[in-house]
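The values are calculated or read from the model by the stated rules, or taken from the named source; none is laboratory data. As the structure is a prediction and not an experimental result, all values here were calculated from the model. Don't worry about glycine lacking a Cβ; one is built from the backbone with ideal geometry, like all the others, and counts go over all protein chains shown. Accessible surface is based on the protein model in full, side chains and every heavy atom, while ligands, DNA and RNA are left aside. Shrake-Rupley method; radii C 1.70, N 1.55, O 1.52, S 1.80 Å.
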Amino acid sequence: MSEPIDAARRRAIAPVICYPNDTLPKVPLGLYQAARATAQKIDEVIAAPREAAHFRVPAGHFFRISSIEGPQVGDLNLWNADDLTERFYSGKSRALHGTHLTVGERMWSSFPTLRPMATVIEDTLGWYGIDEFGGSVHDVIGTRCDPYTHNLLAGGQYHHCCHSNLTRALADATGMSLTQAEPHVHDVLNVFMCTGFTRDTGQYFMKASPVRPGDYLEFFAEINLLGALSACPGGDCSSEHSSDTAACYPLLIEVFAPADGALDGWQSPPPNGYDRSHGR
């Protein structure tokens with residue numbers, strides 16, 4: 001089909017940001033970072049290569065995800081520890097902040113609560129920015145590698161993709177069966193993963209993560225959290241995922257408790273204030 005005569009004019013129309021975020025609740029980043037400076041470590045968990053680990057973080061505490069042995073990406077799920085129906089909403093987090101998260105940005109929860117679950121307070125890969133291919137780090141655009149898409153595209157039964165890893169981790173954390181746990185597993189924050197969209201076809205791409213041992217992403221827990229982190233079978237995602245061929249490494253999750261009085265005046269955010277009448 002030929003282009004219309006006004007094609008160039010239509011393409012030249014300036015974009016409009018869908019959700020201007022300057023009216024979002026302000027992040028008290030200075031308070032969080034000051035409290036973190038005196039916080040004490042109270043727990044740690046290792047997500048083994050091609051496996052997932054679960055962890056709990058009380059509201060007002062901190063957690064850090066670290067690369068410890070080699071370049072590795074991780075798929076992160078978060079739930080309200082007291083109500084699994086409230087979980088991380090990657091699509092709305094993307095709409096509010098952009099395709100990749102960094103310091104001062106938040107992981108928002110699902111409807112009807114839609115409130116901050118966790119706030120990024122430190123990111124040692126914050127220097128990366130957006131590269132010449134349009135790639136950046138810590139994305140909220142990918143879903144998670146899963147056995148269903150793997151079967152669709154390649155055939156076979158692969159059980160150590162992130163979806164299955166997270167399902168097992170949640171089942172272990174809660175005592176649910178795999179069948180009960182699986183519907184709670186959701187789209188992820190791809191920690192350390194470097195991704196973007198191709199300019200010519202608009203396809204989601206991945207490339208070798210810039211993460212190195214010692215790098216970390218750190219969060220403040222806004223509500224009581226149950227988390228699960230999968231050390232992706234793709235390793236640094238430089239070539240493929242959902243396979244046993246990539247070099248994979250563990251990821252470390254650490255939890256820190258604030259000192260008494262360090263967060264004076266802070267309150268956990270309430271659920272969203274919409275009245276849920278939906279016009280009736």
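Observations
- All of (1) at pLDDT 95 or above; (2) of a type outside the set (D, E, K, R); (3) under 22 Å from Gly126 (Cβ atoms) hold for Ser238 with one exception: (1).
- Scanning region 136-164 for residues that are surrounded by 14 or more Cβ atoms within 10 Å (Cβ to Cβ), hydrophobic (A, V, I, L, M, F, W, C) and free of Cβ contacts under 8 Å to residues at least 40 places away in the same chain returns no hits.
- Subset of region 92-110 that is in contact with an Asp or Glu (Cβ under 9 Å, 6 or more places away or on another chain) and part of a loop (DSSP other than H, G, I, E, B) - its residue that is nearest to Pro20 (Cα to Cα): Gly98
- Within region 6-28, restricting attention to residues that are farther than 30 Å from Thr119 by Cβ and aliphatic (A, V, I, L, M), the residue that is most open to solvent (accessible area, probe 1.4 Å) is Ile13.
- Count of residues meeting criterion [under 23 Å from Phe63 (Cβ atoms) and of a type in the set (S, T, N, Q)] in region 200-253: 3
- Selection of region 239-272 for residues being free of Cβ contacts under 8 Å to residues at least 60 places away in the same chain, open to solvent by less than 80 Å² (accessible area, probe 1.4 Å) and within 25 Å of the chain's Cα centre (by Cα) yields Glu240, Ala246.
- Subset of region 32-59 (residues that are in a helix (DSSP H, G or I), open to solvent by 60 Å² or more (accessible area, probe 1.4 Å) and aliphatic (A, V, I, L, M)): Ala34, Ala37
- Subset of region 189-215 (residues that are closer than 17 Å to Cys162 by Cα and open to solvent by 50 Å² or more (accessible area, probe 1.4 Å)): Met206
- Selected residue (criterion: nearest to Val137 (Cα to Cα)) from residues of region 176-188 that are among the hydrophobic types (A, V, I, L, M, F, W, C) and either surrounded by fewer than 21 Cβ atoms within 10 Å (Cβ to Cβ) or modelled with pLDDT under 95 (or both): Leu178
- Across region 136-179, the qualifying residues are those that are in a loop (DSSP other than H, G, I, E, B) and among the small types (Gly, Ala, Ser), and the one among them that is nearest to Arg56 (Cα to Cα) is Gly175.
- The listed residues are Glu122, Glu182, and the only one of them that is among the acidic types (Asp, Glu), out of contact with any Phe, Trp or Tyr (no Cβ under 6 Å at 6 or more places or on another chain) and in a strand (DSSP E or B) turns out to be Glu122.
- Phe133 passes every criterion in (1) crowded, with 17+ Cβ neighbours inside 10 Å; (2) in a loop (DSSP other than H, G, I, E, B) apart from (1).
- Of residues in region 85-117 being basic (Lys, Arg) and under 19 Å from Val137 (Cβ atoms), the one least open to solvent (accessible area, probe 1.4 Å): Arg106
- Selected residue (criterion: nearest to Pro270 (Cα to Cα)) from residues of region 67-84 that are open to solvent by less than 10 Å² (accessible area, probe 1.4 Å) and among the small types (Gly, Ala, Ser): Gly74
- In the set Val185, Val191, only one residue is within 14 Å of Ala47 (Cβ to Cβ), within 17 Å of the chain's Cα centre (by Cα) and β-branched (Val, Ile, Thr); that residue is Val191.
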